Structures are given as C-alpha cells and as structure tokens.
1. Please sort 8-17, 97-106 by packing, taking for each peptide the average over its residues of neighbouring beta carbons within 10 angstrom, highest first.
2. Give the calculated FRET efficiency between THR6 and SER132 to the nearest 0.05, with a Förster radius of 30 Å applied to their Cβ-Cβ distance.
3. Starting from the Cα gyration tensor of the range 63-108, take the square roots of the eigenvalues, sort them a ≥ b ≥ c, and report rounded, prolate or oblate (rounded when a/c is under 1.5, otherwise prolate if a/b is larger than b/c, else oblate).
4. How big is D for the chain, in µm² s⁻¹ as a whole number, if Stokes-Einstein is applied with the Kirkwood radius of its Cα pairs at 10 °C and 1.306 mPa s?
5. Rounded to the nearest 0.05, what FRET efficiency do VAL143 and ALA31 have when you use their Cβ-Cβ distance and R0 = 41 Å?
6. Relative to the longest principal Cα axis of the chain, at what angle does helix 141-151 sit, 0 to 90 degrees, rounded to 10?
7. Across the chain, how many lysine pairs, 8 or more apart or on two chains, come within less than 16 Å at their alpha-carbon atoms?
Amino acid sequence: MKLTSTNFKDGDYLSMDHVLSTDYGFGCAGANRSPQLAWSGAPQGTKSFALTCYDPDAPTGSGFWHWAVANIPADVNELPLDAGKPAGGGLPNGAVQMRNDTGQPGYAGPCPPQGDHPHRYLFTLFAVKEESLPVTADTSCAVVGFQLHFNTLDKAELMGLFKH
C-alpha cells in the first residue's frame, strides 16, 4: 500500500496549517487542519480502513496520539484537507473519530514544546479485514491500536516533521 498527501511529502515539515490551534502551554497557534491523505494498493480482502497520527517523540513517556479514525469504508481512498475537524463533516459515512490525547475527538495537530528537537508525526493507514471495528468516539487510542493489531492486513505510513 502507499499513503500520500498533497500537503506534504514523506519526511517534510508540516505547515502551520496543520499545527494545533489551541495553546496547551507550548505556543501553538496554527489552523489545526488535518492534511489531505490518499492511498492506493490495498490488499485483497480489505473491508475497511483506519488511520492514526502518532508522535513518538512527545515528552510524555509514551508518545502522543493526535488522531485516530476507524471504520472508513473500503471504497474510500482519500480524506480531504480538514477531514479531522472535530465537528465532523469531512469523513465518509460510517467512519468514527476517537478522542485524541488532548481528550477531544478529531484531529489535534502538532504542538511540540518550544525549542525541542523536531518531532515525527506518523500518519499510518491500516487496511482492515473487518468492515467495522467495535469502537466508538469514546474508545481510547490504545484500544483502537489493540483492535488494529489483530485485524490489519497491511499498512502504509507517511511521516511529517514539526519543530518550534
């Protein structure tokens, strides 16, 4: 499988368009818009997709989940710019956004501490062998990860960077 974006290339820096707009004490002031993402090459047997965005460099001791979406229908191969808007509307019918590590549903853009090294934002697309995972908007990202561990046929990753 291959995951791409018209907003950034693998290994490029994310623009302020994608940075968290709510300041959690680190000086973030971006537009908080999830990037456009498109994919191809899903394996036979794919019944749905899931997407996550994770920062393994966050100073939490366990990384930081910025976005988790499950139950994207198998006939969908793209999410438009700002699909992760917490109020919804940009995701296809049936898709479910879980709460990110800010405690809110939807996309939470990059917001590393001022002066910290560049953080990696891993956008990972999963080809899922089930039409629907047993998750709701209140399911934790850890439980989504557990479900994906046992139900993934293939995955693709796209990495964006951000630093203050």
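Where a number appears in this text, it was derived from the coordinates with a stated rule and is not lab data. From a predicted model like this one, the values you see are computed outputs, not experimental measurements. Cβ: placed from backbone, ideal geometry, glycine included. Neighbour counts: every protein chain shown.
1. Those peptides, ordered most packed to least, come out 97-106, 8-17.
2. E between THR6 and SER132, to the nearest 0.05, is 0.55.
3. Note, shape of the range 63-108 comes out prolate.
4. Working: Rh = 15.6 Å.
Once the numbers are plugged in, D ends up at 102 µm²/s.
5. 0.90
6. 30
7. Eligible lysine pairs with Cα atoms under 16 Å apart amount to 4.
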